[in-house]
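The values are calculated or read from the model by the stated rules, or taken from the named source; none is laboratory data. Only a predicted model underlies this, so the values are computations on that prediction, with no experimental measurement involved. Cβ atoms come from the backbone with ideal geometry, glycine included; neighbour counts cover every protein chain shown. These area figures cover heavy atoms from the full protein model, side chains too; ligands, DNA and RNA do not enter into them. Shrake-Rupley method; radii C 1.70, N 1.55, O 1.52, S 1.80 Å.
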Amino acid sequence: MTKKQLKITLLPNGEIQMKTVGIKGKKCLDYIDMMKILADVKIIKQDFTEEYYEQDNKIYNDNIEDIKNT
């Protein structure tokens, strides 16, 4: 399993770049929202990596169990 990371880069012009690594699907947006609050910043531009479009297997397996139990 890949370690979940939030990589933060402070640019000379004062901008902050944030990138999630090892966080699949829309769950990465939770990390970005948390950083928006902590750093008191607004998002100017948002790009999605390939991981955003992947599904986390744990979430998938939990959903399968819910279907089996109905």
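Residues that are modelled with pLDDT of 85 or more, under 11 Å from the mean Cα position of the chain (by Cα) and either among the aromatic types (Phe, Trp, Tyr) or open to solvent by less than 90 Å² (accessible area, probe 1.4 Å) (or both) occur in region 6-14; there is at least one. The listed residues are Gly25, Gly14, and the only one of them that is over 13 Å from Glu51 (Cα atoms) and of a type outside the set (A, V, I, L, M, F, W, C) turns out to be Gly14. Within region 15-56, restricting attention to residues that are among the polar types (S, T, N, Q) and in a strand (DSSP E or B), the residue that is surrounded by the most Cβ atoms within 10 Å (Cβ to Cβ) is Thr20. Going by the structure shown, is Asn63 farther than 17 Å from Lys4 by Cβ, out of contact with any His (no Cβ under 7 Å at 6 or more places or on another chain), at pLDDT below 85 and not acidic (Asp, Glu)? Answer is yes for this residue.
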